[in-house]
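Colleague: The structure that follows is given in the form of structure tokens.
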Amino acid sequence: MTELENNKDGNRVLDTSFHYDKVFLATTALEDFWDITKPIVFLGDWCLRYSRRSVWENLNKEVLDGIWKDKRKFHDAYLYLQEIYELLLKQMAELLDEVHEEHHNIRYWRIIIGPWLFHYLDVLYDRYLCIEQAMEKYKYYDTIILNEESFVTPRSTLEFVLLSVDDPYNLQIYSRILSAKECNFKKKSYNLTKSEDQNISKNNILKNIKRKIITKFMHSIALADANKSVYLVDPYFSNKSIIKLFLKTKGKVKPIFTTEEKLPDATPNQNMRNCFKNISLNNDKFQKIIANYLAYDIPYVFLESYKMIKKESFNYPSKPKAIVSWVSWYFDEKFKIWAAIASEAGSSLYGVQHGGTHGIDKYMQSMDHEIAITDKYYSWGWNYPEFHERIVPMPASKIIGRNKFKKNKNNNRILFAGNAFPRYLYRLQYPTNNHMKKYCDYVIKFIKSVNLAYQKFINYRAFIQDYGLDIVKRIQNTYPDLVMEDWDIPFQESLMNCKLFVCDHLGTVHAEALSLNVPTILFWDTESIINRTEVNGYFSNLNATGILHYSPESAANKVSEVYDNVDDWWSDRERQSARLEFCDKFAKISPNAIDEWSNELNKISRRI
């Protein structure tokens, strides 16, 4: 065998001069599904866990390129999947009415199944294109697929999303696509345990207890008829703000804090599921895959468990004046059914922005969905001609009531808020999972480029989920003494107790920091974002004033330059002007925020 070749990054790759009948195609990071006795082609970077590099780094291998590097291809896929979504939603709505012996408008089913459907299409299309890319490059290949006996059906939308960012369920998807190739691939079994969200900190538990007390108190006063009230469901207001809104609206506005759903396992009802084998789509290869798998993949909550969840939704007020929510539109199945029922009964639905990329990202299906299902949508300051009257710019609810940043001469911390994207794409939105390796390199480059005298002050706060990327391990291998901040420290507390805030991604925390006037340095790779053209001027001003940078080295040099004189640098008139201009559009702040919100909510309560 000839020696392995090196690519431009120094990684060993498949030696194409070696003669072989077949390569082995690895679709997963699960090593039991690899055959390293053959030249091995990894379907993507997700197969190669950093913590397992001793196993794979010296293999005769190739790692296929990510499929979303071409932004034009991404754009075309976004539009293509939107068309399929609308076509499929209409047919599924009719079939769900038939299966459950009900009759609803399409908005009803859009509210209930929409979040699962657009995630499902994105996931399936991404996996399909990955396989197609491999097939184009390698005509002869072997692989190991998952035995059908190990396949699972998700219970809910949330469980589907959690499963779709992990290895076993993706192996199931790839195995299905590959099994249609009519090849005699070896099969193995694997226990695909149901996924559960484990990220519950002590702070969240305490916060939930406080909110239950507030809710019980407000609902017991009953200053307004329950069915004529405006309900804020899982609001992104502080507890103090909620109390003020309750008093200023004379009890017409009440919060509802939902509890985590524990959905039982269900037994497939083949009669129900067989109805979805009649889905009629166009005849391209991908849409045939959807038609073949849909009946097996629909979560139990929309079929077998639907009646049970619907019955539980009757515990909510039956005819509220209006329902206002931030994120419950996605994964709270009981809430979604309640909101859908209420909308058909005449209740108004209102959405509220809950993240810092809304109005900035050019492609954002989640925001499109929120606007499509609600009567009005409250942004953090932006509006665009295609939305116009449906968008109402308001002060960012998440920031109302926060204490402004105060200088502390004894504070020397540089708070560095990191990010993470799932190894597997779960939603068609930039940045994609293809950008993660470069992202990790950016973090290391930034730390390395900060003046050695200031590196010791960096507190790195990793994203709450790592998705198997081993980001902290990567950093600690290079900088073992770097301070890693624990998530038991609330972000708001940490932000208020730093000298300088650094953020390496476009998200929510950068908007919070800028709105609270925390000295901030931002940096990210322009290739990892696709923003609306209307945003370019605001970013240009942040860049011109040294707040925003487009390389880790530039950001690090700015940290080193201003660290000893942060306050003077940050208070510069032009810099503050750029900050305020950005916040007014994308993180709106107001000294009269509570009055503005109470006036708006009072208007809702008075509408006929």
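Colleague: Pull up the cross-link candidates among the aspartates and glutamates for K445, meaning alpha carbon to alpha carbon under 18 Å and not fewer than 8 places away within one chain.
Modeller: D9, D470, D481, D504, D525, E527, E553, E561
Colleague: In addition: Given labels modelled 7 Å from the Cα in the Cβ direction, how far is it in nm from K71 to N184?
Modeller: 4.9
Colleague: Moving on. Can you list the residues of the range 435-468 with backbone N under 14 Å from a point 7 Å past the Cα of S551, pointing along Cα to Cβ?
Modeller: So the set is 442, 445-446, 449-450.
Colleague: Can you grab the distance from the C-alpha centre of the range 485-556 to the C-alpha centre of the range 413-479, Å, no decimals?
Modeller: 14
Colleague: Moving to a separate point now. Please compare each pair in K376/K588; K22/K437; K398/K438; K473/K558; K240/K376 to a cut-off of 20 Å on the Cα-Cα distance and tell me which ones are over it.
Modeller: K22/K437; K398/K438; K473/K558; K240/K376
Colleague: What is the distance, in nm, between label points placed 7 Å from the Cα along the Cα-to-Cβ direction at N278 and at S560?
Modeller: Each label point lies 7 Å from its Cα, and together they span 7.0 nm.
Colleague: Right, something else. Among W569, I458, Y426, flag the residue with its Cα farthest along the positive direction of the charge dipole of the range 414-586, charges on Cβ as +1 for Lys/Arg and -1 for Asp/Glu.
Modeller: Comparing the listed Cα positions along the dipole, Y426 ranks first.
Colleague: Suppose every K and R has +1 on its Cβ and every D and E has -1 on its Cβ; what is the size of the dipole of the chain about the Cα centre, in Debye to the nearest 20?
Modeller: That gives the chain a dipole magnitude of about 2100 debye.
Colleague: How far apart, in nm, are two points set 7 Å out from the Cα along the Cα-to-Cβ line at E83 and at E389?
Modeller: With each label point 7 Å from Cα toward Cβ, the separation is 3.1 nm.
Colleague: Also, I was wondering about something else. Assigning unit charges at the beta carbon (Lys, Arg +1; Asp, Glu -1) and nothing else, what dipole magnitude in debye, to the nearest 20, does the range 414-586 show about its Cα centre?
Modeller: Roughly 480 debye, rounded to the nearest 20.
Colleague: Between K311 and N543, what length in nm is gained on full extension when 0.36 nm per residue of separation is reduced by their alpha carbon distance?
Modeller: 78.2 nm
Colleague: Let me ask something else about it. Which of rounded, prolate, oblate describes the range 414-586, given a ≥ b ≥ c as roots of the alpha-carbon gyration tensor eigenvalues and a/c under 1.5 marking rounded, otherwise prolate only if a/b is larger than b/c?
Modeller: It is oblate, given that a/c is not under 1.5 and a/b is not larger than b/c.
Colleague: Summing -39500 (n - 2.57) over the DSSP H runs of n ≥ 4 in the chain and dividing by its residue number, what mean residue ellipticity at 222 nm do you reach, to the nearest 500 deg cm²/dmol?
Modeller: Mean residue ellipticity, 222 nm, calculated: -13000 deg cm²/dmol.
Colleague: Give the cross-link partners of K38 among the aspartates and glutamates, using a straight C-alpha distance below 17 Å as the criterion and excluding same-chain residues fewer than 8 apart.
Modeller: In chain and number order, the partners are E3, E5, D15, D21, E57, E62, D142.
Colleague: Over the chain, what is the relative contact order in percent, taking alpha-carbon pairs closer than 8 angstrom and at least six residues apart?
Modeller: Rounded, it is 14 percent for the chain.
Colleague: Here's another thing I want to ask about it. Amide H to amide H under 5 Å from N459: which residues, 5+ apart in sequence or cross-chain, H placed 1.01 Å off N in plane?
Modeller: Sorted by chain and number, the residues that satisfy this are I414, L415, F416.
Taken together, the values in this text are just the output of simple stated rules run on the coordinates, not laboratory data. In this text the structure is predicted, and so the values were computed from the model without any measurement. FYI the Cβ positions are ideal-geometry reconstructions off the backbone, even for glycines, and counts take in every protein chain you see.
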